[in-house]
Structure formats: structure tokens, C-alpha cells
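Structure first, then comments.
The values are calculated or read from the model by the stated rules, or taken from the named source; none is laboratory data. The shown structure was predicted, so the numbers you read here are calculated from the model rather than taken from an experiment. Because the Cβ atoms are built from the backbone with ideal geometry, glycine has one as well, and the counts that use them run over all protein chains shown. For the accessible areas, the whole protein counts, side chains as well, though only heavy atoms, and no ligand, DNA or RNA atoms are used. Shrake-Rupley method; radii C 1.70, N 1.55, O 1.52, S 1.80 Å.
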Amino acid sequence: MSRLMIVEPMRIAAVGASRGSGAPNLATHDPKEAWIDAASGSAATITVDLGAARAIDTIALLHVRPPAAGATWSIDAGVGAADAPVLGAATLRVPDVAGEFETVSHALWTGAPRTARYVALTVTQPAGAPPLSAGALVIGRAFVAELGQEWGAGRQPIDTGTATALPSGGFSIVEGVRKSLFSWTFGDLSVAETEQLETIALHLGETAPGLVVEDADATPGLRRRIHYGLFKKWRAYERRNRRQTRWEIGIEQWV
């Protein structure tokens, strides 16, 4: 089991695709503004320019619809061009909860940091399946607390619909969507870790999205452990002593 990761998305200077429409949408916040492929059965390549060489260790292609079981992706990156292999052909969709197969999934790579300006993602949807679409692309360097988070982290289900009681005893229901607010507490942050985390908090606030991964291991349920959304709880952190800080944080999913 790996430790919780927080990723501040790096600014993307330019993004394009070898086919399909809406590739620049991958650089916007809203996952409903998507890149939509034009075919299946062959590879499509998404190319990214970060604007400058940066150290990266996390790439997530988010809100991918509808990734077939046999869909694959690979990653290349480099400083002068995307010419160095980062990830060979691998399963695109992350593992679902055991016994379930969700129609929307994510692709996630984490690994040793490497310096790159250009990144190329090659995705392939099997022949006969509908063309892929993807709603967001996050590239960044993960923050991971050395001692992880405290026990007690959890999800609060959120339903954006409304239900009004009727005199008849029934309800008038306006359908919404169901999503989660995930919250946790870092209990023993060092001074350096607190400064790193505060920088992320100041950059993202509560109006710019970030990425949180509870446990990046490719085990059943990873789909539910990836949270892309807005931070809704940056509680005032508590100094336990000169060297340790306790900080409660939460993120609400963007669906």
C-alpha cells in the first residue's frame, strides 16, 4: 500500500492530438470539456508541451469514456522531444472495485521523477468499441508526506439532487449526481513538508482543481481512490511543537 499523494497540476502550454477534436480541452479545469477521438482500433497520440523542462513523477488521464477492458496507453517524454520511453504499452483503465466495471475510468502513471518538457500519450481503443474521450490531463510532481496520513480518513457521499416532501406522503425528486468529499488528516508534518503543502494550498486554494490519490497501487478499487476536484477543507493547521504540524484537508470530486 502506497502513501497518499497530492498533485498540483502543472501548467500546460500547449496540447494537441493526432486526430479527434477538442485536444485543448485537456488543459482546462472542467472534465466535461473533453478531447473526443475520431476512431478506434488504432493508436491516437496526445502531445503536450509544458513550456519548460520540469521534474515530473505523475501523469493522469482522467474521466476517460468508455475505456474497454482491452484499451491501452503508453507514455514517452523528454526535454527536447517526447523521445524517451516512460511507460510501455499498459492497460489504460485503472482497476475497478472488485465485481464492478465502470463506464468512466482513469489512467494513472506514477514513477521515479524525470525531467521533461514534452510528453506524448499514445492511447488505443480496441476495434469495435466506441471511440475514446478524456476530460482532463494532470501532469505534476506529487507531494507525499513521509509518515502518511492519520487513521480516520473517509468519504462523505454528496447528492446534488433535491427531494421535497409532498402532502401525499411521497416526494418530488430532481435528479442530480452522486459524488464524494474525501477528507483526511496529516498528523506529523515536518517543517519542510508543511511549507511544501502550504505552497500547494496557496496555488490551488478552493477554486483550482488538484489531484489526490489515496493509494496508487494497481489493486482493485483504484478507480475509487483517485480524486480530481476542488479542495474544500484547508483547515488552519496546528503546530504540535516546533517540528511537527497537524493539518486536516478535504477534496470534493468534480464529476
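Calculate, in whole percent, how much of the Cα-Cα pair population of the stretch 21-95 lies beyond 21 Å.
Percentage above 21 Å: 33.
Considering the Cα positions of the stretch 192-248, please state its Rg to one decimal place and its Dmax as a whole number of Å.
For the stretch 192-248, the Cα-based Rg and Dmax read 13.7, 40 Å.
Can you show me the helix-derived [θ] at 222 nm for the chain, built from DSSP H runs with n ≥ 4 at -39,500 (n - 2.57) apiece and divided by the number of residues, rounded to the nearest 500.
-2000 deg cm²/dmol
Rounded to the nearest angstrom and ordered from largest down, what semi-axes does the equivalent ellipsoid of the stretch 85-187 get from its C-alpha gyration tensor (root of 5λ)?
36, 24, 13
Roll a 1.4 Å probe over the protein chains and send me the accessible area per residue for the stretch 68-123 in Å².
With the other protein chains kept in place, the stretch 68-123 gives 43 Å² per residue.
Of all alpha-carbon pairs in the chain, indicate the percentage at a distance above 31 angstrom.
Above the 31 Å cut-off, the chain has 28 percent of its Cα pairs.
Using only protein heavy atoms and a 1.4 Å probe, report how much of residue 179 is accessible, in Å² to the nearest 10.
40
Please report, as a whole percent, how much of the solvent-accessible surface of the stretch 1-58 comes from carbon and sulfur atoms (probe radius 1.4 Å).
Carbon with sulfur: 52 percent of the solvent-accessible area.
Name the residue farthest towards the positive end of the dipole of the chain from the options 43, 87, 200, assuming +1 on Cβ of Lys and Arg, -1 on Cβ of Asp and Glu, about the Cα centre.
Result: 200.
Leaving ligands, DNA and RNA out of it, report the carbon-plus-sulfur percent of the accessible area of the stretch 173-218 at a 1.4 Å probe.
51
Within 10 Å, count the other beta carbons around each residue, average over each peptide in 12-21, 160-169, and list them highest first.
12-21, 160-169
Check which residues have an amide H placed less than 5 Å from residue 211's amide H, if you skip close sequence neighbours.
Answer set, sorted by chain and number: 7.
If you count only protein heavy atoms with a 1.4 Å probe, what accessible area per residue comes out for the stretch 157-219, rounded to a whole Å²?
For the stretch 157-219, the per-residue accessible area is 53 Å².
Using θ = phi - 60° and the Karplus curve 6.51 cos²θ - 1.76 cosθ + 1.60, what whole-Hz ³J(HN,Hα) does each residue of the stretch 113-120 get, with Gly and Pro shown as x?
For the stretch 113-120, the Karplus-derived couplings read x, 9, 8, 8, 10, 10, 10, 10 Hz, x marking Gly and Pro.
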